[in-house]
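Trainee: This structure is in structure tokens; I'll ask about it shortly.
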Amino acid sequence: MTRGALRFRPHHFLCALGFEGKGYSEEFTANMTEIVMDRLRRPEGGAEVIEVTCEADDICIPCPSRRGVGCESTARITTLDKAHAGALGLSAGDRLSWGEALDRIRENVPPGSLSTLCAECQWLPLGLCEAALARLHAENG
């Protein structure tokens, strides 16, 4: 079965890397699980194509904070997206595979940098993304 490209906001690349089954609601967590565990983390998941968007994306669909193509936390989300787009060299409309995204993360986001890059994220204190980033670097280090 062929599926279309996933649509991600820039900051969702690192969210997908760090996802560990927690979310804003049951619906959000189920959707994130389908995207991350059932598509990206399967053995051939590196070939999954992702299109960059600066609006609500496939992860946002069931989010209780989504407001149409936006978010009730627009200022915070825009700050995160700008920081991640800059760090990963992403622009709206870009298409890349999950494997290429992981390479960009590995090359441009060193362990310990999320306290600055993700400073606006409410999930940062849990340490899930920093642990996932460390594992990503250790896999190829």
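The values are calculated or read from the model by the stated rules, or taken from the named source; none is laboratory data. Keep in mind that this is a model prediction, so the values were computed, not measured. A quick note on method: Cβ atoms are made from the backbone with ideal geometry, for glycine too, and the neighbour counts reach across all protein chains shown. Heavy atoms of the whole protein, side chains included, go into the accessibility calculation; ligands, DNA and RNA do not. Shrake-Rupley method; radii C 1.70, N 1.55, O 1.52, S 1.80 Å.
Trainee: Over the chain, what is the relative contact order in whole percent, taking alpha-carbon pairs under 8 Å and six or more residues apart?
Mentor: 30 percent.
Trainee: May I have the extent of the alpha carbons of region 63-141 along their three principal axes, as whole Å values ordered from largest to smallest?
Mentor: Largest first, region 63-141 extends 41, 31, 19 Å along its Cα principal axes.
Trainee: Still on this structure, please answer the following. Out of all Cα-Cα pairs in the chain, roughly what percent, to the nearest whole number, are more than 25 Å apart?
Mentor: 19 percent
Trainee: Sticking with this one: Per residue, how much accessible area does region 12-94 have with a 1.4 Å probe, in Å²?
Mentor: Accessible area per residue: 47 Å².
Trainee: Leaving out ligands, DNA and RNA, what percent of the accessible area of region 1-132 is carbon and sulfur, probe 1.4 Å?
Mentor: Result for region 1-132: 53 percent of the exposed heavy-atom area is carbon or sulfur.
Trainee: A follow-up question, please. In a shell of Cβ-Cβ distance under 13 Å around Cys15, excluding Cys15 itself, what net charge do Lys and Arg (+1) and Asp and Glu (-1) give?
Mentor: Computed value for this residue: -4.
Trainee: With charges set only on the Cβ (+1 for Lys and Arg, -1 for Asp and Glu), what does the dipole of the chain come to about its Cα centre, in debye to the nearest 20?
Mentor: Dipole size: approximately 120 debye.
Trainee: Rounded to the nearest 500 deg cm²/dmol, what is the calculated helix-only ellipticity per residue at 222 nm for the chain, with -39500 (n - 2.57) per DSSP H run of length n ≥ 4?
Mentor: So the calculated ellipticity at 222 nm is -12000 deg cm²/dmol.
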